[in-house]
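Before any comments, here is the structure.
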Amino acid sequence: MNMLRGLMLAPALLLAAVPAVAQEDLQVDGDWVHAASGMVFPERLGNALRTRVHAYDAEQLDVSAGYALRRGGDLGFVTLYVYPAAPDQDCVASFAEIERNVAQNYTDVTLVESDRWPSPSGRTPDAAYHARFTMTGMLDGKEQPLTSESYLFCPAGGTWLVAARASWGRNKDLRQAFVDLLRGLAWPTKLDTAAPPK
């Protein structure tokens, strides 16, 4: 799984190894529905404009939607992922791998915060894993100091995972805009219901 294909960061959520031949940008007009889960990725949500929909497998089970996020004059990029869980998926281990991948891809990365966040809609508190990093990376075609957010939610039933990655200039603050985007989407129940704690 690749992050925003050069728009903001090098690969960092390497949660699934998928042959490049199976991957494709989908040609989409208007809102796009992930048929397998029922998740709708709107073309626009508030000040967020969808920039791409990408399938990582031929069946379009493992997908992402990229959004350009604007608030005032500030710009950030968000990628949302919905993809099948592996057998015996361990959320803690999966998120630890996300954090390791971020740390390995940047020489100056710093973990600023690691905590629990709500389910995607915000309905269930402390149900997802979240980390905030600072690093230097590419954003909007320029190398610059960045703030980067990683998010992982394991819904009940263990069928799907929901992940997100967001980045913006370090001297900006688009955290609330990122949260608003997550909570503004119409998450199907099966993608927003927390799994019981292990």
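With 109, 82, 92, 78 as the choices, which residue is over 13 Å from the mean Cα position of the chain (by Cα), of a type in the set (Val, Ile, Thr) and open to solvent by less than 40 Å² (accessible area, probe 1.4 Å)?
Being over 13 Å from the mean Cα position of the chain (by Cα), of a type in the set (Val, Ile, Thr) and open to solvent by less than 40 Å² (accessible area, probe 1.4 Å) holds for just one of 109, 82, 92, 78, which is 109.
Residue 1 versus (1) at pLDDT 85 or above; (2) within 21 Å of residue 155 (Cα to Cα); (3) open to solvent by less than 20 Å² (accessible area, probe 1.4 Å): which is the lone unmet condition?
The one condition residue 1 does not meet is (1).
Here's a check for you: in the range 129-143, which residue that is of a type in the set (A, V, I, L, M, F, W, C) and without any contact (Cβ under 8 Å) to a residue 40 or more places away in the chain is surrounded by the most Cβ atoms within 10 Å (Cβ to Cβ)?
So the residue we want is 133.
Only residues that are closer than 22 Å to residue 159 by Cα and either at pLDDT 90 or above or hydrophobic (A, V, I, L, M, F, W, C) (or both): list them for the range 70-89, please.
79, 80, 81, 82, 83, 84, 85, 86
So which of 146, 152 ends up being surrounded by 16 or more Cβ atoms within 10 Å (Cβ to Cβ), aliphatic (A, V, I, L, M), in contact (Cβ under 8 Å) with a residue 12 or more places away in the chain and farther than 17 Å from residue 192 by Cβ?
From the options 146, 152, the qualifying one is 146.
I'd like to check something: does the range 120-128 contain any residue that is open to solvent by less than 10 Å² (accessible area, probe 1.4 Å) and either closer than 20 Å to residue 76 by Cα or within 16 Å of the chain's Cα centre (by Cα) (or both)?
Yes: one or more hits.
Take the residues in the range 155-176 that are small (Gly, Ala, Ser) and under 14 Å from the mean Cα position of the chain (by Cα); name whichever of them is nearest to residue 196 (Cα to Cα).
Checked the range 155-176; the qualifying residue nearest to residue 196 (Cα to Cα) is 163.
The values are calculated or read from the model by the stated rules, or taken from the named source; none is laboratory data. Given the structure is predicted, the values throughout are model-derived calculations rather than measurements. Every residue, glycine as well, gets a Cβ built from its backbone with ideal geometry; the counts of neighbours run over all protein chains shown. Remember, those area values only see protein heavy atoms, side chains included, never the ligands or the DNA or RNA. Shrake-Rupley method; radii C 1.70, N 1.55, O 1.52, S 1.80 Å.
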